Every structure is written in structure tokens, then in C-alpha cells.
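The values are calculated or read from the model by the stated rules, or taken from the named source; none is laboratory data. Remember, it's a predicted structure, so these values are computed and weren't measured experimentally. Note that we place each Cβ from the backbone using ideal geometry, even for glycine, and neighbour counts take in every protein chain shown. Accessible surface is based on the protein model in full, side chains and every heavy atom, while ligands, DNA and RNA are left aside. Shrake-Rupley method; radii C 1.70, N 1.55, O 1.52, S 1.80 Å.
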Amino acid sequence: MAVAALTAAGLAVGAGVPVLLGITGGAPGSAPLWQLLLLPLGAVLLAAGGAGLEYLRWSRTRYRVGARRAELHTGLLLLKRRSLARERIRSVDLTAPPLLRVFGLVKVRIGTGEQLEGGESTLQLHPVSRAEGERLRRLLLDRPGPRTDADADRDGELARLDGRWIRYAPLSFGTLVLAAAAAGGPLQISEWFGVQGALIDWVGDRFRSTAIVWTVLALLVLATAAGTVGALGLWVELWWGYRLTREPGGTLRVRRGLFTTRSLTIEERRLRGVDLVEPLGARLSGAARIDAVATGLRRDSEKNGDGATLLPVAPKAVADALAAAVLRTPESPTGAPLVRHPRAALGRRLRRALGTALLPVAVLAALARVFGSPFTGLAVVTALVLLPVAGLLARDAYRSLGHALSGGYLVTRSGTVRRSTVALQRSGVIGWTVRQSLFQRRAGLLTLTATTAAGAGGYDIHDADRDEGLAFAATAVPGLLEPFLIPGPPEDTGDHPGP
């Protein structure tokens, strides 16, 4: 209840200050007393209301873990009863924002990873004590079974935070987003205080004697510096105290976070592989991160990668070594040599990339035809910048294509801005989807999708050679694709029977 009261009061202050400044025209000292009392009064009322609602919710909430089911009963007027079969529980995640940490509490999210009509099948307890959260995690994920001495030798810490990895934080696209926020944030805040015009005039005075080109460059450098500082701070918040451990119950556990602590647990028997992700900036510096490909993880975690990440961006050698340790293989399948795709795949990427780059050039050329020279120069500059970049990205996308078999794993790689190398258990492939567009048929190419119940649900092998790709799929999972393959005509030996 104290957490709810403080949260409500904080929201009241956060929303009330800009409103109060807007009402008083940015000069609270000249406002009537009753206007000044609105903010503390609203904060007190919201805090009391938040605490009261939380008391009602707390007084009507009960949960229990039985031999077969975990149950949650809640509701004031309409009683809600939810339960999960214990054998279907796949994850117990613990999260503790700063206020909860102050009071020694955590949020517990118990999930099966299934997507039902009314949403994901989960039970959420928020909050319980940290000790109770840990007890529930151990209890619900305990899977008794035979364990060998080799299994015990591999338990323990697999990875921990290396402070030097922070150098990769500014290389993400998040830096650009934070730089844009740093540029627009002061303008928005100054508008709340009614001094936006004064701020713009002040900045203009600082650069009055500077050429416009240098002014723009200086502002870009300042915004980039602010974005870099923000990216470093965000990295510290997300990955402070990072540790990946293998626990005796056959689970992988990731713990991390500075202000908000997070704990993600993945059963190894639900792990179907790993995804070695190389964002462009990290790849240019020889780094990558490792995501889990597992059943039972939340779909939003799989999409944004945050909840499924086993290793933050780190040197690629470290990522490959961790992938091998997680998969219990002597060498990481993500480092296996890959089959190169036909040159026709390069042509497809060049045509798409150049067509995309030519679109804004064509728009600017049309504007130049109507309005004259200013747009002509802009169209030329845009073409000189975009066309070479598009060609380089297309070539890089082609060089990133590849697939292979490495022991019990199917490996596929693709992407340029975000290159992804997925090592998927061959036993986890439950189907194949074969797609051919008109242009792919003419080029003798096809796209294969390995369907699985884990991760994204399917992983693509883009623009593979038609015959080689079908043979690869048949070899990767014997007996799955063969019934759908039409045998070719018999080979002509030159011996023709008579009429």
C-alpha cells in the first residue's frame, strides 16, 4: 500500500507541475494561493486513493501452489479464479522496480508461454516479498530427474558482466533515438514553462557569427554526445550486475539491473537453440549478443529480444564460447562454415535496394521539374549519397546469407542492419514451408522456413538454390519433406527402346 501511495503521489506531481506552470504562465509566485494548493492537495488525494484501492485488491487476493496446480483468486465484486497446471509452467520471472526494492518486494510472473484467446496464460503476483518470490521460482521450476556427474560439473556461473563491454553501448540505434530526444526534449520543456522563444533566441545568439553549416554540425555533435551519454546510462541500468548461471534443477538463470532488477529463468529442456545477433554497429566492431530460442518465453520477449537475451553485446569470441556452453556442445554451431547462396540472390538484393534508394530521388526530381533549381541540387546530393549506400548494404546482405548443418543443429544466417545467425535443434523442426515468387522461380531460387514451436515460430533460409535447398531440408530432418517432393524425370542414358 505504501508503494501504491508513493506511485500515485509521484504521478500527481509529474502531471501537475506542467499543468500548474501552464495555468500560472510560468510564474507560480504570482498565482493565487488556491492555485498553489491544487498540486499538494491533488497529490494527497491520489496517494490516499491509490493506497485505498491497493488495500481492497490486497484484501481480496489469495494464491496457492498445490501438487498439480498453481491458483490465483482475486476480485472485489467479480471474483476471478485462474489456475495453471504445474507441468505446463515454463517461466517464473522476478522484477523489482526501485520502489519495490526499497520495501523488499518483487513482482512474480508465472507463465506457460501459450497464447490463448484472452491473452497469454499467466499468473501475476505483484508484489510479494523477495524471499517468497525466490521460493516460488524454485518450487515451480523444480523438475526432478536423473542427473549425471557431467551435468553437475557444468552447473554454476557461465558468464558475468565485464565492464569493458560498455564500449559497445553507443554503437546501437538507440543512440540515435536518444539523440533525437535530447534535441526535442528541451524545446518541449521550454514550451511548458512558456520560454521556448527565449530558448531559441539564446541558441541563435550563441551561433550568430557562425556559418549555418557549422551551426548544424555543432548541434548534431551536441545531440550525438547527449545520445551517447543516454545510451551508456541505459546500458548500465539494464545490465548492471549481469550474471548467467546454470542451476542444479536444469535451468538457465539471467540476473541483471541497477535500479530495476530482473530475473529470467529458462528450462534447458525447453531450449531449442540460440540466436547470435549482430547489429550493424556491433558487427563492425566485432561484437554480438546471444538470444535464447526456447518454448515458453513471452512472445513480446521474443520480438524485442530483451526478455530472451542471454548475453549482452560482447566480443564475438565470447558470444560463440557462451553459445557452446549453453548448448553443451564442444564448439558453437553459430561458428560453423556456411553454404553460400547463388549469385542470383545478389541481383535480387541489388534491385530491391537500388529501387528503394531511387524512390526519394524520383520524388525530388519531380519537385525540381516543378519548382526549379533548389530541388535539383537536393536530388543530385540524395542520389550521390543513397545509391552507393544501397549498393553496399545489398552486397553485405548477400554476403550474410548462408546455411549449414552442424551436428544436431540447423544453422541459418541473414540480415545486414541486424544480422542474425540462428542455431536451431534439428529435432525441434516440426515442418517446412517452401515459398517461390515468380522472380525466384525464374532465377532458380526458393525460400525455406523451418517451422518450430520455439522462438519466432519459424526461421528462414532466404534465396537458396532450389535443388540444393530442397536437398538440405530433406537431410536436416529426414522423412519430413520427402513425401512432398516430386521425383524428376529419369536420366537419359542414350538407350532408346524400339517402337
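Figures for the structure shown
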| read-out | value |
| --- | --- |
| Whole-percent carbon and sulfur share, accessible surface of the chain, 1.4 Å | 64 |
| Longest exposed-site-free window of the chain, the sites being trypsin sites (Lys or Arg not before Pro) in a DSSP loop that have at most 16 other C-beta atoms within 10 Å | 341-499 |
| Value of relative contact order over the stretch 378-499, rounded to a whole percent, pairs C-alpha under 8 Å and six or more apart | 16 |
| Inverse of mean 1/r across different Cα pairs in the chain, Kirkwood, Å | 27.5 |
| Helix runs (DSSP H) in the chain reaching 24 Å along axis by Cα, Kyte-Doolittle at least -0.5 | 2-24, 38-59, 174-192, 212-239, 343-371, 373-400 |
| Per residue value of the accessible surface for the chain (all protein chains in place, 1.4 Å probe), Å² | 55 |
| With at most 13 neighbouring Cβ atoms within 10 Å, loop GluC sites (Glu not before Pro) (DSSP) excluded, longest segment of the chain | 118-490 |
| Derived scalar couplings ³J(HN,Hα) [the stretch 281-292; Karplus, 6.51 cos²θ - 1.76 cosθ + 1.60; whole Hz; x for Gly, Pro] | x, 5, 5, 5, 9, x, 10, 6, 10, 10, 10, 7 |
